[in-house]
1. If a residue must be more than 16 Å from Phe561 (Cα to Cα), open to solvent by 10 Å² or more (accessible area, probe 1.4 Å), at pLDDT below 95 and not charged (D, E, K, R), how many such residues does the stretch 324-360 contain?
2. Return yes or no: is Ser759 in contact (Cβ under 8 Å) with a residue 24 or more places away in the chain, farther than 24 Å from Gly526 by Cα, among the small types (Gly, Ala, Ser) and open to solvent by 20 Å² or more (accessible area, probe 1.4 Å)?
3. Could you count how many residues in the stretch 719-753 are closer than 20 Å to Thr775 by Cα, in a loop (DSSP other than H, G, I, E, B) and hydrophobic (A, V, I, L, M, F, W, C)?
4. List pairs: first residue in the stretch 190-206 and in contact (Cβ under 8 Å) with a residue 12 or more places away in the chain, second residue of a type in the set (Lys, Arg) anywhere in the structure, Cβ distance under 7 angstrom, at least six positions apart or on different chains.
5. Identify all residues within the stretch 546-558 that are of a type outside the set (S, T, N, Q) and open to solvent by 40 Å² or more (accessible area, probe 1.4 Å); write none if there are none.
6. Please tell me if Ala64 is buried (at least 24 other Cβ atoms within 10 Å of the Cβ) and touching a strand residue (DSSP E or B) at 6+ places or on another chain (Cβ under 7 Å).
7. I'm trying to understand the selection: among the residues of the stretch 778-794, which are charged (D, E, K, R) and at pLDDT below 85?
8. Can you pull out the residues in the stretch 519-558 that are outside any loop (DSSP other than H, G, I, E, B) and charged (D, E, K, R)?
Amino acid sequence: MDSWMTDRRVAALPRRETPMSRRYLRILNAWAPTGREYFSDWDVRPNCGHFLGGVHWYGAETVAGVLTFALLSTSPKYDERLGGCSREELVSMAVKGLRYLCFTHDTGPAECVRPAKGLGRPENQGTKWGERGKGFFMESQCGQTVAGMAISALLLGDRVDDETRAMLGAIHRDYAERFGTMSPKHGVYFDTQTEENAWTSFGLASVECLLEKAPDAAKWAETARLWMFRTATAPQDARNRGVFDGGKTVTQLTSNAFTTLPDYMAENHGMVHPSYGACALYFLGNLGLTYGVFGKKVPPHALFNRREIYERLKRITDGAGYLHPVQGMDWPYHVFAHDMFSHAAAALLLDDPDACALEALCLGTLEHRLRGNGGRMNPRELTDLCHDIQDPMIIRECEVTSPAYAYLLHRLYGDGPPPTPMHTLEKKLAGVKVFPHSGFIHQRHPRGMTSVAWRNCVMALPLTREGILTAAPATDSVLASFTIRDRPDSQDLLHVSTDTHADGFAVGFSVLRAQGSVRQDVLFAGLPNGVSLLHESLTAREDVVVENVEQGLLRITNEKFVGMGTQCRGARVLYTPDGSEEFRGFVSADPASDVIRAIEHPAWLNVDDRLGLVFAGSGKTVYHNRHHFKTWWATADDLTLNRIEGPVAVKKDRPISVFRALMAPEVGARETPRLSLVPLACRVGLAAGLIGEGFFAAANFADKAREILFSVPRARLAEIPVYPGTLRVTTASIEYPLALAPGQAVLRYPLMAITISGSVRVVASETGGVLVENTGTTSAAVGTGKKVFARKIKPGAIVRIA
């Protein structure tokens, strides 16, 4: 085995520190006491130990500590006082951890198993890692640990003895024998194979570098490159006959193996999941580390489609540096580190100045967040009490791997091009983009961003510039979730229509839900100033019993991140027409610690002077200040604007619920009551119209074209907005006739606002010309703003006002 291994025993690592590497170094340095606290000797074999209990999935808990301590030991700027241990102690614990992983791997002695008790899940206790016989998903995932061990060994250099080095070589040979001739997997919908192909390429790249003298080294290297390439293949690549890297065509390399949607997003766990799409970038960074420490260049296969993917991801990066979870998030919400390293990889390996800016933004958020944690990735009270969807939260301390890898990436490759100034980047990324294959629309506006999804997880997410630090990405946010007795939920999209403008949009769609027993019709508009308008109706298509309905769910982030000032201060204030109440954010083991407030039909609400809400529905409004979490995603409260509690019997063709809302990010409590949301009536069913902040959104949910007359009582509008087309004003009402195609949604921008006395017809052109005709029998007058025409308009007369 030794004859197969590379002669390199020390990482090809410059001693320099860069401005960015120093920032990451401070994070690692501050974490060192935590790593030391959770390090334990393992006396089954000499000179061994583990981190964080030693029994998490795939050895990830221990390789995190090994890598971090090995890296700190190489830094000329390591601060022993802050780290709480000497450089020699760092090396000693890292070597012990590396040896522990070698002995407890499948290739190690049979009696060398992990401890019978640890901090992770019980099924890993008393077992080996390597996952032999457990199938591709679990076995291949060990590639991350295998490669991390090789990187750590080079960082530790001559401190790695021959016995440990030989065991490390055996682990790599084992990984090569499992995957070195296997074809990459394919999968696009529901569960992408991006992640699996990426981590397998990481493991095989490490095999290629460590076992470079093996007889099959060339074959393993070729296989590694194919896994890299097929990490990010989209259906259109199957028709790309261009020659790639002087060899095979893109078509040949792609074959029929796709992992990425045609719009370059990815979905996993049944939702479009930017975090998993970002795996193409995250593992690009990992490949950069592997080849970098071995003194080699990153193969071009690792870069295939990465730029196209990142162009989409940067557009949906929020004001904290997070990737906007457009269909919700099933992992803990505030995992900054994964997104941060993805930005870092794009910055340094794609040479992207926008990514440099976004990495710095995300790193700044992480720094602020960690400032109050005593160097830990999460506060001690959280890790002592909470469990995420899979593991105890203490295991989340192994997230230190991401800043550790980012630190190493900057040591290897520098800091990249000068970052794009944030004001320039915001201007560049602003606007509206439809992702048709993913099934969502995204708007980046001056006050934050808004997304609406009509596939997989039907939901909307209106965010301030603080991103998910204000409103967390709960699945089912804003749009309806409900339970129908004896009718399990299902989704059948009937139609979707988008009307996109440079800075605003409308989307309308209809979905059959609950085995076809309920029709869900949604009209959603995003205005240029960031305000969102919503009309959502649920209609019974058969006699049903409704158990419950929730509409307008907003999960309000209520974290305490000491370094963030008022952003995450551990409290939120809910303002109502009757006053205000502060709700503290903290975690508790006591379910009775939760605070629940029910509010009957408030005209408006404001969340913490950050989000203004004007809405109407038939249910009650509930604010759930949550402290006890069976599953922890974030310390967050649930605000439900319209809750209907059943059981309620509803006859066929009758409405179950109609909910309308205006959501205004970065609008304070004083301004919220002045926000304007006007629902429009129409004489036909399957249609909706709203006027909000002067804009007109409308939808025809029917399957045939119709001219629909939208109207509002004249008293509701002091000033009458004028849109391209025709409007009629009578003594009783204001009417907007609108021809709409089947399923069509539109957003009309106001040309002007007028005041009228009398009855008139107004005709406006797309170019801004406006004519007013007096259709009454007496004189009429028209005013624009503060200016009122001195001359009356005689009956039958027409005047031009613009």
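1. Selection size over the stretch 324-360: 3.
2. yes
3. So the count comes out to 1.
4. Gln193/Lys185; Glu196/Lys185; Asn197/Lys185; Asn197/Arg230
5. Within the stretch 546-558, Glu547, Glu550, Arg555 qualify.
6. Against the criterion (buried (at least 24 other Cβ atoms within 10 Å of the Cβ) and touching a strand residue (DSSP E or B) at 6+ places or on another chain (Cβ under 7 Å)), Ala64 qualifies.
7. Answer for the stretch 778-794, where residues must be charged (D, E, K, R) and at pLDDT below 85: Lys786, Lys787, Arg791, Lys792.
8. Within the stretch 519-558, Arg519, Asp521, Glu536, Glu547, Glu550, Arg555 meet the criteria.
The values are calculated or read from the model by the stated rules, or taken from the named source; none is laboratory data. What you are looking at is a predicted structure, and each value in this text was computed from that prediction instead of being measured. Virtual Cβ from ideal backbone geometry, glycine too; neighbours counted across all protein chains shown. These accessible areas exclude ligands, DNA and RNA; they are computed on the full protein's heavy atoms, side chains included. Shrake-Rupley method; radii C 1.70, N 1.55, O 1.52, S 1.80 Å.
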